[in-house]
1. I'd like the Karplus ³J(HN,Hα) series for segment 16-27: coefficients 6.51, -1.76, 1.60, θ = phi - 60°, whole numbers in Hz, and an x wherever there's a Gly or Pro.
2. Helix-only estimate, please: 222 nm mean residue ellipticity of the chain, summing -39500 (n - 2.57) across DSSP H runs of length 4 or more and dividing by its residues, to the nearest 500.
3. Can you tell which of Gln36, Gln17, Gln227 shows the greatest fluctuation in a Gaussian network model of the chain with Cα springs below 10 Å?
4. Hey, any idea what Rg/Rh is for segment 20-166, computing Rh the Kirkwood way over Cα pairs?
5. Just tell me which lysines come within less than 25 Å, Cα to Cα, of Lys248; anything on the same chain fewer than 8 places away is out.
6. With the chain treated as a Gaussian network of Cα nodes joined by springs under 10 Å, which of Tyr213, Tyr120, Tyr197 yields the largest mean-square fluctuation?
7. Kindly report the accessible area of the chain per residue (heavy atoms of protein chains, probe 1.4 Å, no ligands, DNA or RNA), in Å².
8. Would you please name the GluC sites (Glu not before Pro) within segment 193-270 that are DSSP coil residues with at most 12 other C-beta atoms within 10 Å of their C-beta?
Amino acid sequence: AKNAGRNRYAFFNQEMQAASTRSLMLSNALHDALLQNEFSLHFQPQVSLSTTEVIGAEALIRWHSKSLGHVSPGEFIPLAEESGQILSIGEWVLRETVRQIRTWLNNDIKPVRIAVNLSYAQFQTNDLPILIADILKEFNVSSEYLELELTERTAAIDPEHTVATLESLQQIGTHTSMDDFGTGYSSLSYLQRFPIYKLKIDQSFVRNMANNYNDRIIVGTIILLAQQLGMRTIAEGVETEEQLDLLKTIGCDDAQGYYISRPIPAERFELEFLTKH
Ligand code: C2E
Ligand code: CA
Ligand code: CA
Ligand code: CA
C-alpha cells in the first residue's frame, strides 16, 4: 500500500511537471505570436429565432503556433491574462475585427454586427472606451457594427467601474452583451443598473435544456428577467433542432451554436452568411 501511494505521488508529480512544461512552452511561443502573425479570427453567426435572419456574429481568436500547432483559446487566453499579454492580444482582436468590417464595406458586402470578447484586464483599463473609439475612427467604421462581450464574472468584480465603462461605451454607440450569463455573481440590483443590450445565456444551460427540467426553468427565468429589464437574449451552444425549437417557444430572441454553424474563417462567413449590396 505504501508503494502504491509513492507511485501515485510520482505519477502526480510527472503530470504536474508535464503541465508546467507545456505552459512554459506556451508562454514562450505566445510571446512571439503577435509579431509572427500567428493569430487569426473565426466568425460564428448569430440568428434571429423569429426571422431566421443572420443578425450578427461572434469573433473568436485562433492561434496557429509555428512551433506548437493549433492551440485553443481556452488554453492560451488564461495564460495571456496571467502574463498581461492579453492587453496587446485584445487590442489586436479589436483592430482586426474592425479592419474586417471595413474590408466588407469596401467590397460592397453588407456587414453584420460583430461581437468581440473582452477580458477582465482589458475591461479594467480606464482608456478602453477611448481605444475603441480610436479604432473605429481609424477605419471609419460606424459603432453600430461593433458589439462588446463581457462575462458576468468580469462585470461583477467592480460594479461601479462596470456601470461607468458601459455608459461610456453606450455613448460611443457600440452594443454590449453579458457573456456566460447565469453562471454566477451578478446581483440583481446591479444588473438593472448595467446598460447592457443583450444577455447571453450560458451554453451549460442550453446543453441540457431538452432533457433537464431545472435547466429549462433557468433558461426560461433568464429570458423573463431580460424581458423585464428591456434586454435581448441570445442562447449560445445551440447544437440541435430540438434546442432551437424549445428556445423559440419560450421566447428567446437569438441563437448561436454548431447547429447553425461552427466558427469559420472570414471568407467562408462572407460567402455563406453575408450578402452583396
Ligand atoms: P466564449 O466567449 O464563451 O465562446 C464560446 C465558445 O463556445 C467558443 O469556443 C465557441 O467555439 C464554442 N461554441 C460555439 N458554439 C458551440 C456549440 O454549439 N457547442 C459547443 N460545445 N461549443 C460551442 P472557443 O472559440 O474555443 O473559445 C473559448 C473561449 O475562449 C471563449 O468562450 C472566450 O472566453 C475565449 N476567447 C475566444 N476568443 C477570444 C478573444 O478574442 N478574446 C478573449 N478575451 N477571449 C476569447
Ligand atoms: Ca463570448
Ligand atoms: Ca460564452
Ligand atoms: Ca465560456
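1. After applying 6.51 cos²θ - 1.76 cosθ + 1.60, I find 5, 5, 4, 5, 6, 5, 4, 6, 5, 4, 5, 4 Hz.
2. Calculated mean residue ellipticity at 222 nm is -16000 deg cm²/dmol.
3. Highest fluctuation among the options: Gln17.
4. 0.98
5. Here the lysines satisfying the reach criterion relative to Lys248 are Lys198, Lys200.
6. With Cα springs under 10 Å in the chain, the top fluctuation among Tyr213, Tyr120, Tyr197 is at Tyr213.
7. Details: 14500 Å² over 277 residues.
I get 52 Å² per residue for this part.
8. Values: sites: Glu236, Glu239, Glu241, Glu242, Glu267, Glu270; in loops: Glu236, Glu239.
Answer in residue order: no site qualifies.
The values are calculated or read from the model by the stated rules, or taken from the named source; none is laboratory data. Computed from a prediction, not measured in an experiment: that's the story for all the values here. In this analysis, Cβ positions are derived from the backbone assuming ideal geometry, glycine residues included, and neighbour counts consider all displayed protein chains. We work out accessible area using only protein heavy atoms, side chains counted, and drop any ligands, DNA or RNA first. Shrake-Rupley method; radii C 1.70, N 1.55, O 1.52, S 1.80 Å.
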